[in-house]
Amino acid sequence: MVNFPNGRPTVCFIDLAALRWNLRQVKAKVGPAVKILSMIKANAYGHGAAAVAKALADEGGYAFGVATLEEAIELRQAGIDQPILVVTGVYLEQLGQFIEHRLTPVANDLEALKRLDRAAQGRGAALNVHIKIDTGMGRLGFLPAEIDSWLPSLKKLKALKIEGVFSHFSRAESVQGDYTQEQLRIFQDVVARLRSQGVAPPLAHLANSAATITLPEAYFDMVRPGIMLYGPYPSPAMMSQIELKPVLSWKTRVMQLKNVPCGTSISYGQTFVTQRESSIATLPVGYADGYQRLLSNRGEVLVKGNRAPVAGRVCMDLTMVDVTDIAGVQPGDEVVLLGRQRDQEITADELAGWTDTISYEILTSISARVPRIYQNA
């Protein structure tokens, strides 16, 4: 049983020992010659970017990947000194902050790269940059088929140093299949062409979590694990290939307990009506906390080591569950929304299945008003 803080008891507990364990498993998988860029965008997938980055840095993490300038600055202000790659790109009006905070931008096309080079040159600044190659994601990046038109310009850059070249697999949950192999081949060809023409970025990187686990050919100089650092597997089939530990658990307490007669309507819209005399527990958590409304009449929570179904619609701040079949429930009892209680466990993947989404969205949707409490620092 964990200790809840005073006041509203809806909190996430972050096990930093499990986080460090997961990073060690990545290191063991890829070997000492391959660097690790830990993806901690979106507030470290909902786990709290500053605390996660500190724990990973202490465990020997080489670099960090974020999505936005603001996320990167937060890490610098928290004392993180490792390289930080801002993977979605850079806007010219942000250049001064990139330089000030020693951040590495990504260039997605030739014109953006040229503008960035001119702007950096005008400031008398030198800046490392990674270029992204669109090998089949269809999102951002230089097109390999047009390499003859953009490669010569890379040799003419004055203020920018191409430190890295990377791409992104289209399949995040599995990197098996012909499409992935074609992406890998295209990226290998681009890297070889760059290096043959004297553009020799020291960091080529392609592997996401799934590729880190299952595709050593995609390691190159650096890998970019994301979801696996936090415990979920990209797919259940990978559970036999690496041992990961869940980092986040989400808990609350029973706020109120009511015994109600058969025929009682619970929550908005009368979508749940008791079919017997029932015991209904109200929990201080709702969709404003990230406990999604799609869990209405679908989700389950753990109470006293048993599963209790969500009864009626999830409200903005409150959720009701049916505990009729669980003996001895009392106000103040611990309730697990995500995590383990006794021999039962609700995973991010299970929550995702109930809401027809993925574990990434479950974790990143837990709102900022839910405190994160760090354990095993």
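Nothing in this text is a laboratory measurement; each read-out follows from the coordinates by a stated rule. Here the structure is a predicted model, which is why all the values come from computation and not from measurement. All Cβ positions, glycine included, derive from the backbone under ideal geometry; neighbour counts span all protein chains shown.
With viscosity set to 1.306 mPa s at 10 °C, what whole-number translational diffusion coefficient in µm²/s follows for the range 132-239 from Stokes-Einstein and a Kirkwood radius over Cα pairs?
Numbers: Rh = 14.6 Å.
Answer, rounded: 109 µm²/s.
Each of Glu70 and Lys161 was given a label point 7 Å from its Cα along the Cα-to-Cβ line. The distance between the two points is 3.1 nm. Net charge dipole, the range 252-377: roughly 260 debye, given to the nearest 20, about the Cα centre with Cβ charges of +1 for Lys and Arg and -1 for Asp and Glu.
Using only DSSP helix segments of four residues or longer, with each worth -39500 (n - 2.57), what per-residue ellipticity at 222 nm results for the chain after dividing by its residue count and rounding to 500?
Working: 11 runs with 106 residues, N = 377.
Mean residue ellipticity, 222 nm, calculated: -8000 deg cm²/dmol.
Taking the square roots of five times each eigenvalue of the Cα gyration tensor of the range 13-152, the equivalent ellipsoid has semi-axes of 29, 19, 13 Å, listed largest first. Considering only Ala72, Tyr374, Ser240, and ranking their Cα positions along the charge dipole of the chain that arises from unit charges at the beta-carbon of Lys, Arg, Asp and Glu, the one farthest toward the positive end is Ala72.
Computed over the range 197-286, the alpha-carbon pair-distance distribution with 5 angstrom bins reads 3, 11, 13, 11, 9, 6, 7, 10, 10, 7, 5, 4, 2, 2, 1, 0, each value a whole percent. Axis of helix 178-196 versus longest Cα principal axis of the chain: the two differ by about 30°, to the nearest ten degrees. Given their separation in residues at 0.36 nm each and the Cα-Cα distance between them, Asp189 and Arg307 gain 37.3 nm when the chain is fully extended.
Per residue, how big is the convex hull of the chain when only Cα atoms are used? Give it in Å³.
So the per-residue Cα hull volume is 150 Å³.
Using a simple spin-label model with pseudo-atoms 7 Å out from Cα toward Cβ, Gln330 and Gln344 lie 1.9 nm apart.
Here's how it looks for Gly48: its modeled amide H is under 5 Å from none belonging to a residue 5 or more places away or on a different chain. Close amide-amide hydrogen proximity is noted between Phe142 and Lys132, Ile133, Asp134, each under 5 Å apart and 5 or more residues distant or on a separate chain (H modeled in the peptide plane; Pro and chain starts excluded). Relative to the Cα centre, the charge distribution of the chain, modelled as +1 at Lys and Arg Cβ and -1 at Asp and Glu Cβ, gives a dipole magnitude of about 720 debye. Calculate the translational D of the range 91-169 in whole µm² s⁻¹ from Stokes-Einstein, where the hydrodynamic radius comes from the Kirkwood formula applied to all Cα pairs, the temperature is 37 °C and the viscosity 0.692 mPa s. Here the translational diffusion coefficient equals 255 µm²/s.
The HN-Hα couplings worked out from phi for the range 160-168 by the Karplus form 6.51 cos²θ - 1.76 cosθ + 1.60 (θ = phi - 60°) are 9, 10, 7, 7, x, 9, 8, 8, 9 Hz, whole numbers, x standing for Gly and Pro.
Can you tally the net charge around Ala368? Count Lys and Arg as +1, Asp and Glu as -1, for every other residue whose Cβ sits under 13 Å from the Cβ of Ala368.
Working: positive: Arg369, Arg372; negative: Glu74, Asp289.
Net of charged neighbours comes to 0.
Per-residue 3J(HN,Hα) values for the range 50-64, derived from phi via the Karplus relation 6.51 cos²θ - 1.76 cosθ + 1.60 with θ = phi - 60°, read 5, 5, 5, 4, 4, 5, 5, 4, 5, 8, x, x, 7, 7, 10 Hz in sequence order (x marks Gly and Pro).
On full extension, the segment bounded by Ala368 and Gln241 gains 42.4 nm, given 0.36 nm per residue less the C-alpha separation. Computed over the range 219-353, the convex hull of the alpha-carbon atoms projects to a mean area of 9.7 nm².
Put a plus charge on the Cβ of each Lys and Arg, a minus charge on the Cβ of each Asp and Glu, and nothing anywhere else: the dipole of the range 33-74 about its Cα centre is then about 140 debye. Label separation (Glu146 vs Asn6): 6.1 nm, computed from points 7 Å beyond Cα along the C-beta direction. Distances between placed amide hydrogens fall under 5 Å for Thr319 paired with Leu283, Val285, all partners being 5 or more residues away or on another chain. Measuring against 18 Å, Cα to Cα, the residue pairs Lys35/Lys114; Lys251/Lys304; Lys54/Lys251; Lys114/Lys161; Lys114/Lys156; Lys41/Lys251 contain Lys35/Lys114; Lys54/Lys251; Lys41/Lys251 as the ones spanning a longer distance. Couplings for the range 240-253, taken from phi via the Karplus curve 6.51 cos²θ - 1.76 cosθ + 1.60 with θ = phi - 60°, read 7, 9, 7, 9, 10, 10, x, 9, 10, 10, 10, 9, 8, 10 Hz in order; Gly and Pro are left as x.
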